[in-house]
Structures are given as C-alpha cells and as structure tokens.
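*Asks:* Please see the structure below; I have some questions.
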Amino acid sequence: MSSIYEDSRDVFLDTVNTKDYIQLDRVSLLYRSLKESIKKPLKMILLYGKPGTGKSMFLSKLHESLSSSQQVYLYHTPILDESEFFKTIAQDLYGMEYSGELNFTQFMKVVQNRDLGDSIIPLIMLDEAQLYSAALMEKIRLLSDTRKVKFVIALHKTEKEDLIAKEHFQTRIWESIKLENASRLELKIYIQKKLLKANCFDTANMFTKKSINLIHKLTDGNYRDTNKLIYTLFDIYSHYIENTPHLINSNEISNKYIEMSAIHTGLINA
Ligand SMILES: Nc1ncnc2c1ncn2[C@@H]1O[C@H](COP(=O)(O)OP(=O)(O)OP(=O)(O)O)[C@@H](O)[C@H]1O
Ligand SMILES: [Mg+2]
C-alpha cells in the first residue's frame, strides 16, 4: 500500500490534465475574460506569461469547455513545416486531405472561399507559439484577417518574444492576456486544493503560513517550480516514514525539508 506521502507526492507530478485543473480567482477571471473575447469580433488573442505560469493548462481547459459549442482545435506542439501546418488546419477545419504540398497562397484561397454562414468562427489555439518562425506568424496573421478563422496564441514571454509580439501583432492582437506567478495566498490555495482533490486531507493541513511563505520565496509562486519542489518534498517524507519515522513531525511541514527539496531541485544552489 502506498503511504499518504507517496500519494501526496504524485499529486505534484508536472502534467497538464484538465481533470487536475484548480480554480484560482485570478485565473478564473482571466478565463472568463478570454471566453468573452472569443465571442467578440477579434481576430487574434495573445496569451503570454513566463514558463510554468499555467498557459498550457489554461488552453486545455478552454479547449475542453468550448468544444461542445464550437469548432475549436488545440495544437500543443507547433507544426513547424508550413505545408504541414496548412494541411493540418485544412484537415481539421474543412476535412480536406492533401497528399502533396499545400502552400500559403493555395490555402488562403481555400479559407477565403469558405462561407461560414451563421456559424461561429472556428478557433485554433497554438501553444508554444514562440517556436513558430516570424514568417509563419505573419501568415497566421493574414489568415486571421480573413475573419474565417480566429487564433489564440500562447507564448512564453522573454525579451525576444516580446519583440515578436510587437512586430507582428501590434495592431492585430486586440486582446492580450497575461498569466502570472501565484501570490502567497494563491499558492496556498493551489497546494491545498490540489491535495484535497486527491483526498490527501492530512498533508493538506500540514502547510502552515511559515511553510507557504518559504515555498513562495523559493519558487516565486511559479506553478511548475512549486510542483517540482513539493514533489521532492513528499518524496523525502515518504523515504523518512519508511526508514526513520521518528524524524517526521506529521503535524506540520518542516522548513528544513523544504530547503532540502529546494537544493535537490536546484532552486537553491548548494
Ligand atoms: N490552474 C491550474 N490548475 C492546476 N494545475 C495548474 C494550474 N496552472 C498551472 N498548473 C500546474 O502548473 C504546471 C505548469 O503549467 P503549464 O504547463 O500550463 O505552464 P506553461 O505556462 O504552459 O509553461 P511553458 O511556458 O513552459 O509551456 C502544470 O503542469 C500544472 O501541473
Ligand atoms: Mg506550456
């Protein structure tokens, strides 16, 4: 039988799965505003934020919730070959199969000639969009100009990508949404809700204000770094409970073990 610490540890595996989605006030607000934006006659929406702030999770959740009411596609990994990219969209949006190449001019014609009638403009969500070339981004922009397809583009923000955003979307992106690291309170909610969802009530109660503050200091509230840290933390607990249980206080998380985990995961340089 696995221990409570092992169960708690596995809660923090770094995966993007909508069934693990946690409602956080700030994210829910952005989520609602993005859903509103999608209804507006916008062509492109930019979703950005540092790595590990929850962009992929956000897109997956959005995809899941929209898919019952409209045509929506989520490309997790960029399709870097242009012809493959257009072919994939043609297949998804229009069910068209191309055996040879499909270039931009040809595909543009296909898109322009579509009559959407009264139906909602289909939506394509591109995750990890910082990997697309500037040239392909420009074509995506032109596609969105036809108003026959909308794009939500998620990218992590660095100086360089900021530039991409400026050059290519300045006038086109009518809405941009930024995801941030968690505040202390949000981080506490995140950790506890995650554990409670997995019925790990005892460990959820072990996080005191002091331990949350330390975790926040170490991870800056980044969700991915927090996952890594707490995964390691409970891994340490599960080893101790087996081998040296007297070293464990099961009432509250020890800051010493948080620090050990931070060294282990590289958040502190030992
Ligand atoms: N709202 C949320 N509910 C539950 N888990 C979340 C939430 N937001 C983020 N996470 C967790 O944080 C981890 C990192 O989030 P995600 O992969 O979505 O970040 P990202 O912004 O896409 O990062 P990158 O730019 O590196 O792709 C996820 O694996 C997930 O476990
Ligand atoms: Mg991502």
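Since every read-out is calculated from the coordinates, none of them should be taken as a lab result. The structure displayed is predicted, hence computed values, not measured ones. Cβ coordinates were reconstructed from backbone atoms using ideal geometry, including for glycine residues, and neighbour counts include every protein chain displayed.
*Asks:* If I stretch the segment between residue 33 and residue 147 completely, what's the gain in nm (0.36 nm per residue apart, minus their alpha carbon distance), one decimal?
*Replies:* Difference between extended and current length: 39.0 nm.
*Asks:* Which FRET efficiency value, to the nearest 0.05, is calculated for residue 70 and residue 252 with the Förster distance at 51 angstrom and r the Cβ-Cβ distance? Could the numbers behind the result be given before it?
*Replies:* On the way: r = 47 Å, r/R0 = 0.93.
Once the sixth-power term is evaluated, E becomes 0.60.
*Asks:* Please give the length that would be gained between residue 202 and residue 135 if that part of the chain were fully extended, namely 0.36 nm times their separation in residues minus their C-alpha to C-alpha distance (nm, one decimal). Before the final figure, lay out each step's value.
*Replies:* Values: separation 67, 0.36 × 67 = 24.12 nm, distance 5.27 nm.
Computed gain between residue 202 and residue 135 is 18.8 nm.
*Asks:* Counting Lys +1, Arg +1, Asp -1, Glu -1, what net charge surrounds residue 211 among other residues with beta carbon under 14 Å of its beta carbon? Present the calculation step by step, with values, prior to reporting the outcome.
*Replies:* Values: positive: 184, 188, 209, 210, 217, 256; negative: 252, 259.
Neighbour charge sum, excluding residue 211 itself: +4.
*Asks:* Hey, with R₀ at 22 Å, roughly what FRET efficiency would residue 185 and residue 264 work out to, going by the Cβ-Cβ distance, to 0.05?
*Replies:* Working: r = 26 Å, r/R0 = 1.19.
After rounding, the FRET efficiency stands at 0.25.
*Asks:* Right, here's the next one. Pop the C-beta distance of residue 174 and residue 6 into the FRET formula with R0 = 51 Å and round what comes out to the nearest 0.05.
*Replies:* On the way: r = 47 Å, r/R0 = 0.93.
E(calc), rounded to 0.05, equals 0.60.
*Asks:* Sticking with this structure for a sec: What residues have an amide H closer than 5 Å to that of residue 177, excluding those fewer than 5 places away on the same chain, when H is modeled at 1.01 Å from N in the peptide plane?
*Replies:* When sequence neighbours closer than 5 places are left aside, the close amide H contacts are 46, 47, 48.
*Asks:* Given Cα pairs under 8 Å that are at least 6 residues apart, what percent is the relative contact order of the chain?
*Replies:* Numbers: 359 pairs, mean separation 76.9, N = 270.
Reported relative contact order: 28 percent.
*Asks:* While we're on this one: Let me spell out the model: positive unit charges on the Cβ of Lys and Arg, negative unit charges on the Cβ of Asp and Glu, origin at the Cα centre of segment 25-178. What dipole size does that give, in debye rounded to 20?
*Replies:* On the way: 22 positive and 20 negative charges, 127 e Å.
Approximately 620 debye in magnitude.
*Asks:* Assigning unit charges at the beta carbon (Lys, Arg +1; Asp, Glu -1) and nothing else, what dipole magnitude in debye, to the nearest 20, does the chain show about its Cα centre?
*Replies:* On the way: 35 positive and 34 negative charges, 199 e Å.
Rounded to the nearest 20 debye, it is 960 debye.
*Asks:* What whole-number value in cubic angstrom gives the convex hull volume per residue for the C-alpha atoms of the chain?
*Replies:* Values: hull volume 42.0 nm³, N = 270.
Once divided by residue count, the hull of the chain is 156 Å³.
*Asks:* For segment 201-262 and segment 96-118, compute the distance between their C-alpha centroids and round to whole Å.
*Replies:* Segment 201-262 and segment 96-118 have Cα centres separated by 53 Å.
*Asks:* Among 219, 27, 248, whose Cα projects farthest towards the positive end of the dipole of the chain, with charges put on the beta-carbon of Lys, Arg (+1) and Asp, Glu (-1)?
*Replies:* So the residue furthest toward the plus end is 27.
*Asks:* Which of these, 237, 98, 190, has the largest mean-square fluctuation under a Gaussian network model of the chain (Cα springs below 10 Å)?
*Replies:* Result for the chain, Cα springs under 10 Å: 98 fluctuates most.
*Asks:* What is the ratio of the Cα radius of gyration of segment 25-178 to 2.2 N^0.38 Å, where N is its residue count, to two decimals? All intermediate terms of the calculation are to be shown ahead of the outcome.
*Replies:* On the way: Rg = 14.8 Å, N = 154, 2.2 N^0.38 = 14.9 Å.
Dividing the Cα Rg of segment 25-178 by 2.2 N^0.38 Å gives 0.99.
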